[in-house]
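So the structure is just underneath, and the comments pick up after that.
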Amino acid sequence: MEITVLFISLRLTLSWFELNSALAFDGFGLDLKQRAVYAEVNPVQPRSGSSVKCSRLSLSHPPAFSMDGDYVIGGVFSIHYYMRLVRHNYTTEPEALSCTGSIDARELRFSQAMIFAIDEINNSSDLLPGVKLGYRIYDSCSSVPMAMHSAFQLSNGLDQVFNTNDSCSQSGMVMAVVGESGSTPSITMSRVIGSLNIPQVSHYATCACLSNKQQYPSFFRTIPSDEFQAKALAHLVKHFGWTWIGAVRSDSDYGNNGMASFLEEAQKEGICVEYSESFYRTNPHSKIQRLAEIIRRSTAVVIVAFVASGDMRILLEELSQKPSTPRQWIGSEAWVTDPDMLRFTFCAGAVGFGIQQTIIPGLRDFLLDLTPAKILASSVLTEFWENAFNCRLGKSMNGKRPCDGTENIETLQSPYTDTSQLRITNMVYKAVYAIAHAIHSAACGTTNSTTECGSRITSQQVRTVLKEVNFTQNGYDVSFDDNGDPVATYELVNWQKGESGTIEMVTVGQYDASLPAGLEFTIHRNLSWQEGSTHVPSSVCTDSCPLGTRKVLQKGKPICCYDCIPCADGEISNSTDSLDCLSCPEEFWPNTEKNVCLPKLVEFLSFDEVLGIVLAVFSLVGASLAVATAAIFFYHRKSPIVRANNSELSFLLLFSLTLCFLCSLTFIGAPSEWSCMLRHTAFSITFVLCISCVLGKTLVVLVAFRATLPGNNIMKWFGPSQQRMTVGSFTFVQILICTIWLVVSPPFPMKNLTAYKERIILECALGSAIGFWVVLGYIGLLALFCFVLAVLARKLPDSFNEAKLITFSMLIFCAVWITFIPAYLSSPGKFTVAVEIFAILASSFGLIFCMFAPKCFIILFKPEKNTKKQLMNKNQS
């Protein structure tokens with residue numbers, strides 16, 4: 001596609017020339033009109049060894065600078081900014097092409113550097129000894145048509161009359177061409193002179209497309225390809241954390257190809273572009289204004305400009321008309337190292353890559369050596385002198401004063417005289433030397449240790465040898481790779497305000513593409529940013545997502561525009577701009593910021609917390625109360641009230657209640673394998689023992705009143721031994737159940753990770769749920785049976801039985817354990833254990849208060865009622 005487009009462009013340009021300047025040259029250097037006139041006046045004669053003279057009829061574009069020599073080197077530079085446009089009526093012969101606009105003093109310096117290098121070579125005894133190099137330097141007016149015109153003229157001679165013999169096609173050719181400064185003109189020139197095998201060495205054409213040797217086999221350059229600069233710029237933007245940028249480019253091969261390479265690299269680095277606009281200096285002013293408004297309204301602080309120097313000057317002039325929010329400019333080599341751009345002070349802080357600067361000894365003196373004769377001999381130097389000093393050489397015209405000889409070029413502040421930042425000038429210097437070395441290798445030989453030059457060579461020979469040149473000039477190595485490119489090395493340039501307040505270009509780092517990945521880019525000096533700030537500006541669509549959040553792209557926007565969403569429960573993000581949150585391991589939970597997984601808090605009912613302490617205190621108080629009651633009963637064991645209430649079962653009941661109170665302590669503390677088995681079995685066995693004692697007392701009361709009836713001898717079956725056997729039997733059943741439970745599937749300690757997301761509950765798993773509910777069911781069955789018997793005995797005389805007290809105690813016991821079931825199932829974590837302890841303590845306190853508190857009150861505070869007579873009287877009543 002690219003080849004087709006360029007070919008069509010070439011054909012259209014050739015047609016334009018044919019219509020407007022009648023300069024349709026063929027490959028042999030003869031004008032079509034010349035051939036027609038020659039064929040008409042001098043009919044073709046058979047070859048007889050005589051040479052035929054041809055004369056040029058059409059007007060040609062004269063070179064800006066020229067000098068004859070044994071071998072001639074061509075040069076093409078954009079000395080003027082524009083080409084004069086002429087409207088043609090197609091009825092008269094068009095005028096020759098010419099330039100207009102002001103002179104680019106920097107490009108003029110390039111052309112003079114070429115002349116300086118050639119003069120230096122001509123005065124050298126090592127390189128091309130005895131040979132004089134000549135030059136023909138053309139002004140392309142920064143335009144493609146003029147560059148093509150210059151290419152045709154460089155492939156032909158300057159003579160108005162020349163031969164048509166066998167060597168005619170080579171008689172006017174230059175050995176090589178230095179130039180052009182732009183990529184698009186260089187492409188056009190390479191299409192023309194490449195077909196004639198004339199090598200072209202550009203000092204400033206950086207388009208990566210020119211590395212294609214299939215399309216441009218004769219193209220070489222001393223400046224690196226934009227492919228390397230694009231990578232360097234992308235790495236620079238990424239290095240400072242800019243992910244939201246604007247992009248402007250020249251609408252030319254240089255800008256379009258360079259920006260395409262940059263955007264490709266930027267995409268790899270995760271950089272987003274808010275806008276990408278192209279323009280050219282010849283565009284209508286309205287388009288330049290529109291681009292300026294886009295820049296002013298944009299949110300991107302950083303702007304990457306892959307723009308030619310002449311185009312950038314137009315854009316910056318437009319932006320200077322209306323101040324806007326300060327921008328951080330990132331520039332390509334074409335404009336960021338142009339001293340003329342430094343006058344735009346609002347671009348202070350601009351950063352970009354430039355060719356390494358150097359010093360060329362003697363160049364400044366050469367540039368300043370403009371004698372009147374030299375100035376008047378060149379129309380270009382004349383125009384430059386008159387514009388620089390605003391005077392007129394010769395008769396005064398247009399209000400300009402005549403130049404009186406007091407003008408001093410050494411005091412002139414111009415890019416022409418500024419040799420402090422020689423970058424591209426050195427590329428011209430190296431290009432000339434590369435061509436000279438190639439000519440030397442092709443034309444010179446060594447005889448008896450003496451170098452002799454002068455052999456007749458062709459441009460094709462020079463092109464072949466040029467591929468192999470490898471030398472050092474002015475401290476810099478010069479060589480070409482297979483694509484005709486040099487090793488890519490750049491300086492990182494920063495526009496900084498000097499002590500005088502003027503903007504200066506300061507080298508702050510390097511970029512060497514030959515170094516290993518990750519080591520190419522180095523910064524060795526502090527940078528100055530927009531408005532002289534020392535802090536790196538921020539240019540992002542969205543601020544970085546902090547730790548603990550993840551990025552969610554905004555619909556319809558680039559990947560650099562996103563929302564920051566907090567991580568879900570149980571997830572963290574430990575890096576900024578995280579795309580996903582990471583789940584914490586099972587036993588870990590995020591901190592408050594959700595950036596670190598911390599071990600979950602381990603929770604259990606401990607002796608260190610208030611709830612555990614309170615329950616432990618009540619447990620000890622209950623046990624102490626049971627022991628105290630037992631002590632009172634033992635001390636008054638012979639008293640009627642103790643003897644009348646089955647003292648043996650009472651003491652056994654108090655012992656079991658003591659164990660009930662104490663077993664609740666096993667539920668407090670970190671669960672272990674032994675504590676889990678002990679707490680449930682001890683609780684179940686002691687409670688069965690307790691209920692069995694109450695049940696035995698209830699049976700004794702019922703049987704005792706039945707035994708008072710005449711002929712009833714039932715009391716012999718409920719003596720002390722039978723009572724012990726009853727209590728033992730009921731308790732043995734529970735022991736058997738617990739033993740089976742412990743053997744088959746005992747309780748065990750476990751970490752409950754489901755009750756709370758952020759905490760681990762240490763608890764005792766039941767092992768066999770059936771075993772646990774059988775144990776509780778057995779206790780409940782005994783309590784229900786005891787409750788029923790107590791209800792049946794409630795109307796017996798108060799003094800000789802405890803039926804009412806047993807009824808109340810069993811009523812409390814059943815109520816507690818009935819409410820325990822739903823509370824146990826619904827309580828989370830350690831509160832499950834607390835509910836179980838509360839049920840144990842509540843039922844135990846209910847038994848001890850209902851059954852022993854009234855008797856202790858009589859024993860301690862109403863001793864007058866603790867008599868057999870009192871009890872008998874009360875029974876009789």
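FYI, it's all coordinate maths here, none of it is from the lab. Just so we're clear, the structure is a prediction, and the values are computed from it rather than from any experiment. Cβ coordinates were reconstructed from backbone atoms using ideal geometry, including for glycine residues, and neighbour counts include every protein chain displayed.
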| message | Is there a quick way to get the dipole size of the chain? I mean about its Cα centre, with the Cβ of Lys and Arg at +1 and of Asp and Glu at -1; what is the value in debye to the nearest 20? | response | 6460 debye
| query | Looking at [x] 46; [y] 15; [z] 8, which value of percent of Cα pairs over 57 Å apart comes from a calculation on the structure shown? | reply | [x]
| remark: Phi-derived 3J(HN,Hα) across the stretch 91-100 with the Karplus relation (6.51, -1.76, 1.60, θ = phi - 60°), rounded Hz, x for Gly and Pro, is 10, 10, 5, x, 6, 5, 5, 8, 9, 8
| field | Estimated inter-spin distance, Val610 and Asp369, nm [label 7 Å along Cα→Cβ] | value | 10.0 nm
| said: What's the magnitude of the charge dipole for the stretch 233-289 around its Cα centre, counting Lys and Arg as +1 and Asp and Glu as -1 at the beta-carbon? Answer in Debye, nearest 20. | reply: 120 debye
| Is the stretch 315-469 rounded, prolate or oblate when judged by the Cα gyration tensor, a ≥ b ≥ c being the square roots of its eigenvalues, rounded requiring a/c under 1.5 and prolate requiring a/b larger than b/c? | oblate
| said: Going by average Cβ density within 10 Å per residue, which order do the peptides 568-577, 469-478, 662-671 take, highest to lowest? | reply: 662-671, 568-577, 469-478
| remark: Along the dipole axis of the chain (charges at Cβ: +1 for Lys and Arg, -1 for Asp and Glu; origin at the Cα centre), the most positive-end residue among Phe813, Pro323, Leu553 is Phe813
| Using unit Cβ charges (K, R positive; D, E negative) and no other charged atoms, how large, in debye to the nearest 20, is the dipole of the stretch 419-559 about its Cα centre? | 540 debye
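Rg(Cα) of the stretch 258-382 divided by 2.2 N^0.38 Å? Don't skip to the answer; put the middle values down first.
Values: Rg = 18.4 Å, N = 125, 2.2 N^0.38 = 13.8 Å.
The stretch 258-382 yields a ratio of 1.34.
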| query | Applying 1/(1 + (r/R0)^6) with R0 = 22 Å to the Cβ-Cβ distance of Ser624 and Leu860, what FRET efficiency is obtained, to the nearest 0.05? | reply | 0.85
| If R0 is 22 Å, what FRET efficiency do you get for Lys268 and Asn574 from their C-beta distance, rounded to 0.05? | 0.35
| remark: The base-10 log of I(q)/I(0) that the Debye equation returns for the stretch 549-599 at q = 0.13, 0.14, 0.25, 0.30 Å⁻¹, one scatterer per C-alpha, is -0.32, -0.36, -0.84, -1.07
| Per-residue ³J(HN,Hα) for the stretch 77-83, Karplus 6.51 cos²θ - 1.76 cosθ + 1.60, θ = phi - 60°, Hz, x for Gly and Pro | 9, 8, 5, 9, 7, 9, 9
| field | the stretch 426-475: trypsin sites (Lys or Arg not before Pro) in DSSP loop, at most 13 other beta carbons within 10 Å | value | Arg456
| field | Extension gain from Ile740 to Ala765, taking 0.36 nm per residue of separation minus the Cα-Cα distance | value | 7.3 nm
| Mean Cβ count within 10 Å, highest first, over the residues of peptides 117-126, 405-414, 530-539 | 117-126, 530-539, 405-414
| remark: Within the chain, the percent of DSSP beta bridges that are antiparallel, given to the nearest 5, stands at 55 percent
| For the chain, which DSSP H helices look membrane-span-like by this rule: Cα extent along the axis of 30 Å or more and mean Kyte-Doolittle of at least -0.5? | 610-635, 673-707, 720-744, 769-792, 803-826, 830-861
| query | Which net charge results for the neighbourhood of Cys545, defined as the other residues with beta-carbon distances under 10 angstrom from its beta-carbon, given Lys and Arg at +1 and Asp and Glu at -1? | reply | -1
| Given Cα pairs under 8 Å that are at least 6 residues apart, what percent is the relative contact order of the chain? | 9 percent
| note | Lys and Arg at +1, Asp and Glu at -1: neighbours of Ala113 with Cβ under 12 Å from its Cβ sum to +2
| Hey, rough spin-label estimate for Phe634 and Thr472, points 7 angstrom out along Cα→Cβ, what's it come to in nanometres? | 11.0 nm
| Spin-label proximity, Asp543 to the stretch 277-321 - amide N less than 19 Å from point 7 Å beyond Cα toward beta carbon | 299-302
| Local net charge near Ser252, Cβ-Cβ under 11 Å (Lys/Arg +1, Asp/Glu -1) | -1
| field | Rough spin-label spacing in nm, given labels placed 7 Å along Cα→Cβ, for Ser276 and Tyr756 | value | 5.5 nm
| Modelled FRET efficiency - R0 56 Å, Ala670 with Gln554, Cβ distances, 0.05 increments | 0.65
| Residue among Pro516, Ile613, Val775 farthest towards the positive dipole end of the chain, charges placed on Cβ | Val775
